Amino acid sequence: MQIQNNIIIEPARETPVSKQTGVLVVGGGPAGIMAALAAAESGRRVLLVESRAHLGGNLTTGLPLLGFLSQKKELIIKGIPQKFMERLKARGAAGDHQPCPLHVSLTIVDPEIIKTEAMNMLLEAGVEILLHTMFAGAIVEDGKIKGGIFQGKGRREAVLAAQVVDCTGDGDVAFQAGAPCEKGDAGGGMQPPTLMFRLDNVDTDKLRQSIAGRPDAYQMDFIPPDYFGRNSRFITVGLRNLIEKARADGVEIPTDRTIIITGIRKGEAWINMTRVKEIDGSDSHSFTAGEITARRQIDGIVKYLTGYVPGFENAWFSMTAPFLGIRESRRVTGRYMLNRDDILGCRRFDDAVAVGSYPIDIHRPGDNDCTLEWCGDCYDIPYRSLVPLKIENLLVAGRCIGVTHEAMAATRVMPTCMAIGEAAGRAAAMCAAAGITPSALDAQKLREALRASGAWLR
């Protein structure tokens, strides 16, 4: 190597092709798991590559799953995602899909069991899994992606594939391949991320009964007091007056709302209250700064909860999520960009491959609060939003599909991303089998295949 003008000049190198596969799925989060399962179920050879030590992505951070039900309380996320939930429930690792006045629906899961059950389900389907391996570059020829370059422990390798599905969340594959991407709102601002953490020995019954019994003393955002009287598993959003009191006493709290989610086991409470502004999850330096800042915020939040919130008096800090949860980073420019009007207008599309009902939920980049807008029913997600411009043989699934900043705030939740992942995996398998590009795929045939597998479409 040579150093010239503060630039390292690397010698040319040859990267061996270690594998060839029908469908390559990059990213093992909610969308990636479903994409790999769908592609394998469709008869293709599938390789799933994940950079972390386990599968699951945001499913393993302690977050609840929001949006399996519609605003009319109907189950709209079916197919493989629902089969996965049924397996979790059989192991005592998932609760029922509960209607929620604020988040449409709430499904509590065990993040640790998810790691194992996702792996088991993929291996049973014949999916090859490669962990601890970073995507390092796209192999592109004549506007078509042919595979990817990966950096693992002690080796750099290439994987060739008939079709590639980008489930990285940040659109890493599409970006490296040269597909156009967007970030943030009109000013480039992105929703701030959160590092989830858990407290144990929480008297969650005392918390919910306090809120139900004294709504004047415990102010909740949008959620009526009787919700807490009915549900032993629940989410709280609000208690703004308690935060104000704690701040007046000198306690440092980075957000204006108290967000608590009960865990799968009694006494567990997951906390969604760290908040780091101006973080870009697609940049390692920025991501690192966010992790550091969020961890430093936890002590103040724990002091607030144990000192001011009923039920937390004897609680103790238990664990943090394995990584900072990114709400927004890159969005790949699709052949159709789903927008705010589509969401709020409950729009239907002829090429719809998934249905969502979660509201436009924007954690505002510029302050400590949030904006929510509901459509009253469901909206479609078109296949064209999964197909990026300029690059063929590539599909995108998860929060980085072709959507605007506002629409992404609705489609980013995990059940919706899981449904999109199943659609992308089936599409990739169909394209690999037929030897065609995703832009040439008949969306009606894809819709038929999705319905045949149990997916719900309008």
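Tabulated values for the structure
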{"item": "√(5λ) per eigenvalue of the Cα gyration tensor, region 286-339, largest first, Å", "result": "35, 15, 9"}
{"item": "About the Cα centre, charge dipole magnitude for the chain (Lys/Arg +1, Asp/Glu -1 at Cβ), debye", "result": "660"}
{"item": "Karplus 3J(HN,Hα) series, Hz, for region 156-170 with 6.51 cos²θ - 1.76 cosθ + 1.60 (x for Gly, Pro)", "result": "10, 9, 10, 10, 9, 8, 5, 9, 10, 10, 8, 10, 6, x, 9"}
{"item": "Mean separation of Cα contacts under 8 Å (6+ apart) over length of the chain, as relative contact order %", "result": "22"}
{"item": "Hydrodynamic radius of region 207-295 per Kirkwood, over alpha carbon pairs, in Å", "result": "14.8"}
{"item": "Set Lys146/Lys445; Lys83/Lys266; Lys78/Lys303; Lys89/Lys390; Lys19/Lys390; Lys72/Lys266 screened for pairs whose C-alpha atoms are more than 31 Å apart", "result": "Lys78/Lys303; Lys89/Lys390"}
{"item": "Cβ-placed point charges (K, R +1; D, E -1), dipole of region 152-254 about Cα centre in debye, nearest 20", "result": "300"}
{"item": "Computed magnitude of the charge dipole of region 274-407 (debye, nearest 20; Cβ of K, R +1, Cβ of D, E -1)", "result": "280"}
{"item": "Angstrom value of the Kirkwood radius, inverse mean 1/r, which spans all Cα pairs in region 363-441", "result": "14.0"}
{"item": "Sequence of Ser105, Ser439 when ordered by accessible area, the most exposed leading, probe 1.4 angstrom", "result": "Ser439, Ser105"}
{"item": "Hull shadow area, averaged, the chain [alpha-carbon convex hull, nm²]", "result": "22.2"}
{"item": "Highest-first arrangement of 271-278, 244-251, where packing means the average Cβ count within 10 Å", "result": "271-278, 244-251"}
{"item": "Rounded to the nearest 10 Å², the accessible area of Trp456 at probe 1.4 Å", "result": "70"}
{"item": "Two-site FRET efficiency, Asp283 against Arg340, from Cβ-Cβ distance with R₀ of 35 Å, rounded to 0.05", "result": "0.85"}
{"item": "Debye intensity ratio in log₁₀ form over the Cα atoms of region 359-405, taken at each q of 0.26 Å⁻¹", "result": "-1.00"}
{"item": "DSSP H segments from the chain that extend 24 Å or more along their own axis, Cα-based, with Kyte-Doolittle mean of 0.0 or above", "result": "414-434"}
{"item": "Coarse-grained scattering of region 101-243 at q = 0.09, 0.14, 0.18, 0.19 Å⁻¹, given as base-10 log I(q)/I(0) from a Debye sum over alpha-carbon atoms", "result": "-0.56, -0.94, -1.13, -1.19"}
{"item": "Share of pairwise Cα separations in region 157-202, more than 15 Å, in percent", "result": "68"}
{"item": "Per-selection Kirkwood Rh - region 298-398 (Cα, Å, 1 d.p.)", "result": "17.2"}
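The values are calculated or read from the model by the stated rules, or taken from the named source; none is laboratory data. Since the model is a prediction, treat every value here as computed from it, not as a measurement. In this analysis, Cβ positions are derived from the backbone assuming ideal geometry, glycine residues included, and neighbour counts consider all displayed protein chains. Side chains are part of the model used for accessible areas, which takes the heavy atoms of the whole protein and leaves out ligands, DNA and RNA. Shrake-Rupley method; radii C 1.70, N 1.55, O 1.52, S 1.80 Å.
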